[in-house]
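Step one of this worksheet: look at the structure below.
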Amino acid sequence: MNSLVEDVNAIDPTDVMHLLELADASPRSVDIIDKLLWFRLLSMRRRLSEALSMRETDSALGATYRIYNALSPTHQARILVSSELCESLIYLSTSYAHRLTTINKDEVENDIALIHAKLLDIVCREQAIVDIENGRHNYFLSSHKTRTFFSPLGDKRAVANATGVWSVQKMPSIGGIVSIDFDSPLAVAHEPRSGVLSQRCLPLSDDEKAAVVTKLQSALENIDATVPTYGLIVRNFVRRIIVRKSYDVSEGESGAERSRFGSEHVPRQPGSIRLLNTHLESMSVESCMETLMHESTHNYLAAWEFSNDMFVLNDPRNRVTSPWSGNQIPNSSFIHAIFVYYICHRLLRAYMENLEDDGERARKHLQERLANFMSGFLIRQDLPELILTEHEIDPTLSFVLRQMQTSMKQIHNRDIYEAVA
């Protein structure tokens, strides 16, 4: 027992080697995940504390501080892990920096005031939902102008009936913890720079919503059964899946339908991912497995970077030519891609090995995806050497990236040997 405790305590949440252990699903994965999550929670609490340090001179911050401290530790933690809070704190930090350099001070001060109001709104919504669930009066409800609002995590919705009586509805979820968000303000927002939220927003029918939840739940169950550690990564680093519908089959099917799919994670909203047109039948469970794993990997890497620092600095003058797509991408995106393709290959290869004999359609799809994942690792050059930066790359990070490339080449060579043997 003592050796186990010592092993857990030896886990350093700043050590990049632990990210490789997670990618390889090591026996210590559960403890590593716990340590990374705890480290990120403390980082969020520190950032919120810094944001509220000016509460004596700002009434919105003062109210935010009082309401937050009145919440139980569980509900404080729910706020700290919400993507809404993180996004607000990132914007606030950026605005503070702009205040020191900009000539137009008034615009920056207005932005800061709006973010302070947003922080207050976040804690008020969580407190209001707690009060509704416990049958208590809440000031926020009496002043609220609409008849519905969502929790900061997006997993609950408060609704007032025709007589003004409030109730709380639990949103659909997968894995018992990851909420599926079809209708919140975040889900219906328009973001011009987003590949998902820039698309038009069509309402999903109840049947379409049910089909999406069933499909994503099946995908997560397959991940659990294939590589249990990867299922833990999804559950722990993703708490909200935003689903956007932009295409309706009534408009006519076409061969271009596949291009209507999409997914993304946004670093400023950790714990949240976005999916496009998952309701379409041609979006298979196997494709959903890949998408969940792809975006969850981004999220666990982003959680590490958020609590520590960027793996490497990005420089718009120096971008990596991706060996997978041939596109010019930032350094950080390239490092993420190495982890993503390594983990997705590991998952789908293991899944394909256990497919039933009648799974020929799925097998063909998986073989195509595995070949795509493998391709970038097979170049002669070491992947870390492609990173363009004026600063020295962390030697441990270089080792981790090189180790993943070596492992993938060994798998490829073994497959060739077995094919000709």
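The values are calculated or read from the model by the stated rules, or taken from the named source; none is laboratory data. Fair warning: this is a prediction, and the values are worked out from it, not measured in the lab. Cβ: placed from backbone, ideal geometry, glycine included. Neighbour counts: every protein chain shown. Please note that ligands, DNA and RNA were not included when accessible areas were found on the heavy atoms of the full protein model with its side chains. Shrake-Rupley method; radii C 1.70, N 1.55, O 1.52, S 1.80 Å.
Listing for the model above:
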| item | result |
| --- | --- |
| Debye, to nearest 20: dipole size of the chain, +1 on Lys, Arg Cβ, -1 on Asp, Glu Cβ | 880 debye |
| Of all accessible heavy-atom area on the stretch 309-421, the percent that carbon and sulfur account for (1.4 Å) | 47 percent |
| Share antiparallel - DSSP beta bridges, the chain, percent rounded to 5 | 70 percent |
| Directionally averaged shadow of the stretch 309-421, computed from the convex hull of its alpha-carbon atoms, nm² | 8.4 nm² |
| Ellipticity estimate at 222 nm from DSSP helix runs (n ≥ 4, -39,500 (n - 2.57)) divided over the chain, nearest 500 | -18500 deg cm²/dmol |
| Environment charge of Asp121, counting only residues whose C-beta is closer than 14 Å and scoring Lys/Arg +1, Asp/Glu -1 | 0 |
| Solvent-accessible heavy-atom area per residue, rounded to whole Å², over the chain at 1.4 Å | 49 Å² |
